[in-house]
Ligand SMILES: CC(=O)SCCNC(=O)CCNC(=O)[C@H](O)C(C)(C)COP(=O)(O)OP(=O)(O)OC[C@H]1O[C@@H](n2cnc3c(N)ncnc32)[C@H](O)[C@@H]1OP(=O)(O)O
């Protein structure tokens, strides 16, 4: 049932019946995508006053599963009209009628283009903004549009680097498996019930068919029932109409510990094109699945082999897309963050130093680090857990670990090799191993310069095999409150672990658990627009290898 409300919002509510669900009694992802697209399209048409087509659907993260008997409520409204296109924001919730408990299923953003009969372009009227929330979504939608329209370029940038930077041999080969058995092909004929009054196949129907083949492909790899976790952007390149034959091809591209990416390509043919073998490529999408064991635990996926040229492209493509997806999630999340700094006073100094070292050690020991690039002697990883994103950069350096430790813990030297640092001075210390620094960083995106008050705690190894540790976290100092000159940023947990690898070489791991104060500095790298992380790592290696000679004097 769909209704139109005063605010321009369109709502659709359904009870989940067995016909909407899979064999486990859970609402099928394909059905959910169909309802989302229908509601969003109706909101777009309500604003435009003419028929609209789906141009794209941004990444969707599915956070909750709905079951038979529960009620799904979808709300959609136009956030902003551009010229001929508009962004629709969609929120999906599930409610249990027996307990009255309501949960958030997902948030989605789709773009619709006004397409009246006859194909004339329509310039859309602006959206009436009423609440502060409307104003916020209005401004954010411009930023989302920028990312959406440059998605392909960002991906191509990452792919260029990926294919040159990625070292496919970095992992042992013996446990990797081929994805050949995950290839799935299926055909559908577009009939009137699958299309709108203009004969265009519904975007939601196409997405549902895509989900069906992708699900089969993922399940073949994990030998379990796969559940859709998120989708990468669906881009509708061209229309399909009643009478078209749609061919869907799916294959597993890559696996990431507890998830798998499946790529689906859709080609459309009229009857004549079918016989002549002339395909129209109308959509490609990438769907991420997870699978749960009989004990209710997430299944660890096997690593896959990329041997042929096309499988290497798909394998690296999945890594690049994951990178963009994770970056989008954090850059656009707009979640208020709790302050992470504690006051540095006499009563808690030893506790904060301990906490500083322990947090970095725990972060480094976490499982689930995903490789995002390899370049000669540098590897970068990301870790995404409970809405916290962390990065790790591993550098192989031909320096004894002790001089590396002394050089890296002297934060005053950091502006020599890290362009993210403008200045760094000691403002308080309890000894050589625990010091407070005032760090200033250059402005980004026309904002002011930022500053940070950071506790640096360093420890030499207690026994052979332990790393040298240099941990950093923000603290507050009454003598250094935020000033009008700088935006005060915070560091949650960052630093270096330095592992000995023989007499004159070591592995330096840099880790950072990202906060909203840090993300702007690496945003372009996360989304594939720059290699600033790798460039800084190169700078660090060069600095350590050339400066080590001076540390013999220390
Ligand atoms: C009823 C249904 O459910 S429709 C079913 C599924 N959808 C379809 O069949 C649509 C198939 N795709 C198409 O017909 C076309 O690709 C269109 C209409 C989406 C875009 O056509 P184009 O020739 O690229 O149009 P053009 O370049 O003029 O762009 C038109 C607008 O779409 C926007 N647009 C184009 N591609 C995208 C995209 N991938 N994501 C978001 N917006 C896009 C453009 O920015 C432009 O916006 P603006 O006018 O507000 O500045």
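The numbers here are math on the coordinates, done by the rules we state, and not lab data. Please read these numbers as outputs of a predicted model, since none were measured by experiment.
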Based on alpha-carbon positions alone, could you give the equivalent ellipsoid semi-axes of the chain from the gyration tensor, as √(5λ), descending, whole Å?
47, 28, 22
Calculate the tail of P(r) for the stretch 169-310: the fraction of all Cα-Cα distances greater than 22 Å, expressed in %.
44
Taking square-rooted eigenvalues a ≥ b ≥ c of the alpha carbon gyration tensor, is the stretch 323-432 rounded, prolate or oblate, where a/c under 1.5 means rounded and, failing that, a/b exceeding b/c means prolate?
oblate
Could you tell me whether the stretch 169-242 comes out rounded, prolate or oblate from its Cα gyration tensor? Rule is a ≥ b ≥ c as square roots of the eigenvalues, rounded for a/c under 1.5, then prolate if a/b exceeds b/c, otherwise oblate.
prolate
Quick check: the angle from helix 203-222's long axis to the longest principal axis of the chain, C-alpha only, nearest 10 degrees?
60
Helix 349-365 vs. the chain, principal-axis angle (Cα, 0 to 90°, nearest 10)
50
Treating only the Cα positions of the stretch 338-551 as identical point scatterers, give the base-10 log of I(q)/I(0) from the Debye formula at each q in 0.10, 0.12, 0.16, 0.18 Å⁻¹.
-0.41, -0.60, -1.14, -1.49
Alpha-carbon centroid distance for the pair the stretch 20-42 / the stretch 176-253, whole angstrom:
14
Over the stretch 409-526, volume per residue of the alpha carbon convex hull, in Å³:
120
Relative to the longest principal axis of the C-alpha atoms of the chain, give the angle of the C-alpha long axis of helix 29-48, reported between 0 and 90° and rounded to the nearest 10°.
80
As an exercise, take the mean of 1/r over every pair of distinct alpha carbons in the stretch 226-376, invert it, and state the Kirkwood radius in angstroms.
19.6
Please express the Cα-Cα pair-distance distribution P(r) of the stretch 266-321 as a list of whole percents, one per 10 Å bin, running from 0 to the bin with the greatest distance.
17, 27, 29, 20, 6, 0
Rounded, prolate or oblate: pick one for the stretch 1-149, where a ≥ b ≥ c are the square roots of the eigenvalues of its C-alpha gyration tensor, a/c under 1.5 means rounded, and failing that, prolate if a/b is larger than b/c, else oblate.
prolate
With no solvent term and unit scatterers on the alpha-carbon positions of the stretch 434-478, Debye gives log₁₀ I(q)/I(0) at q = 0.22, 0.32 Å⁻¹ of -0.79, -1.06
Rg (one decimal) and Dmax (whole number) from the Cα set of the stretch 21-86, in Å, equal 14.1, 44
